[in-house]
1. Any idea how many residues of the range 41-89 are assigned to a helix (DSSP H, G or I) and either farther than 25 Å from Ile317 by Cα or in contact with a Leu (Cβ under 6 Å, 6 or more places away or on another chain) (or both)?
2. So, of the residues in the range 244-268 that are part of a helix (DSSP H, G or I) and touching a residue at least 60 places away in the same chain (Cβ under 8 Å), which turns out to be farthest from Ile323 (Cα to Cα)?
3. Give me the residue from the range 269-299 that is outside any helix (DSSP H, G or I) and in contact (Cβ under 8 Å) with a residue 40 or more places away in the chain and, out of that set, surrounded by the fewest Cβ atoms within 10 Å (Cβ to Cβ).
4. Count, please, the residues in the range 12-51 that happen to be at positive phi and in contact with a helix residue (DSSP H, G or I) (Cβ under 7 Å, 6 or more places away or on another chain).
5. One residue is enough: does the range 194-208 have a residue meeting the conditions within 19 Å of Ala119 (Cα to Cα) and surrounded by 16 or more Cβ atoms within 10 Å (Cβ to Cβ)?
6. Quick check: anything in the range 178-186 among the hydroxyl-bearing types (Ser, Thr, Tyr) and either in contact with a His (Cβ under 6 Å, 6 or more places away or on another chain) or assigned to a strand (DSSP E or B) (or both)?
7. For Asn247, indicate whether it is under 23 Å from Thr35 (Cβ atoms), in the same structural domain as Gly217 (by TED's automatic domain parsing) and either modelled with pLDDT of 95 or more or within 17 Å of the chain's Cα centre (by Cα) (or both).
8. Please verify whether Gly10 is touching a strand residue (DSSP E or B) at 6+ places or on another chain (Cβ under 9 Å) and exposed (fewer than 15 other Cβ atoms within 10 Å of the Cβ), treating the condition exactly as stated.
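The values are calculated or read from the model by the stated rules, or taken from the named source; none is laboratory data. Here the structure is a predicted model, which is why all the values come from computation and not from measurement. Note that we place each Cβ from the backbone using ideal geometry, even for glycine, and neighbour counts take in every protein chain shown.
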Amino acid sequence: MYRSIIRGIGSHLPQNRLTNADIEKMVDTSDAWITSRTGISERRIASPGEATSNFATEAAKKAMDQAGISAEDIEMVIVATETPDYLFPPVAVIVQHRLGLNKAGVMDIHATCAGFITALQTADQYIRSGMYQNILVIGADTLSRFTDYTDRSTCILFADGAGALVVSRSETEDIGIIHTATHANGEHVQSLLIPSGGSLDPFNPSKEQKTTMYMDGPKIFKLAVSVMSETAKEVLDKSGYSVDQVNFLIPHQANQRIIDAVAKNMDVPQEKVISNIKYVGNNSSATIPIAIDANMKAGKIKKGDTLLLVAFGAGLIWGGALIKI
């Protein structure tokens, strides 16, 4: 039986830092208020001319280097993103070209901040079916381009960056993707969205439109805690694992209070919860792979550790995965 293993991992963040002190100059807020509400001190923000494909390509290079894999070996590129360089073509085809992956198929996955889990699940099914041996899975977003820096409820949260995994086929190794789950409830579409710029209300420079994010913060907070806790329990139950067998819980890095609430619901002690939101902000589909990469480099996460991943995003879409790294 084929199994999907994580062969390599990499991440890339833009150089620019937007601190709480910088935001204090933009809206009526304070460092103390932002920190207490979100746990964020600074976020990484794209420079002019940088786009999602730049971050995705750099993260993918690092993942491939760590995996020791060549361009000829990659058969599929899956990019989870809400902020493509263009409405079309997909980011994945730009990454494919830049990396010289001339034999690889491509797709973008449009599943908001749960996109990385959805992409990981998709890659896992391709690998398990025997169709592919090596797939690049990338979470990448440039949310600063769609953030209203006069809206203190959203501008304090969102950031840019990318994380990537090489997911490969194995028949012998007792590591890799153990179980994944994804769910959605379209009842909550209006709670977090960009109202204009799509086919319903195409961009029109002659009229006033909302082309930045709108979020019902209190509602999203409650939903996020609920669905991530539920899917974490589901993944564990279906895998036959207990919380005690998990080395680290890695929630989507949306807000430190959400992370803390999910950990409390799961009875996971703080030392087993991974959070790096303080210095990078919420990079949407990129948060989980960025967090894994940073904590592996720091020596906190080690080879053979079991990780419980959970995420949620606009839609509402949510999911989880249990992996042995």
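1. Matching residues across the range 41-89 total 14.
2. It comes out as Arg257.
3. Ser275
4. Counting residues in the range 12-51 that are at positive phi and in contact with a helix residue (DSSP H, G or I) (Cβ under 7 Å, 6 or more places away or on another chain) gives 1.
5. No: zero hits.
6. Yes, there is a match, as at least one residue in the range 178-186 is among the hydroxyl-bearing types (Ser, Thr, Tyr) and either in contact with a His (Cβ under 6 Å, 6 or more places away or on another chain) or assigned to a strand (DSSP E or B) (or both).
7. no
8. For Gly10, the condition - touching a strand residue (DSSP E or B) at 6+ places or on another chain (Cβ under 9 Å) and exposed (fewer than 15 other Cβ atoms within 10 Å of the Cβ) - is not met.
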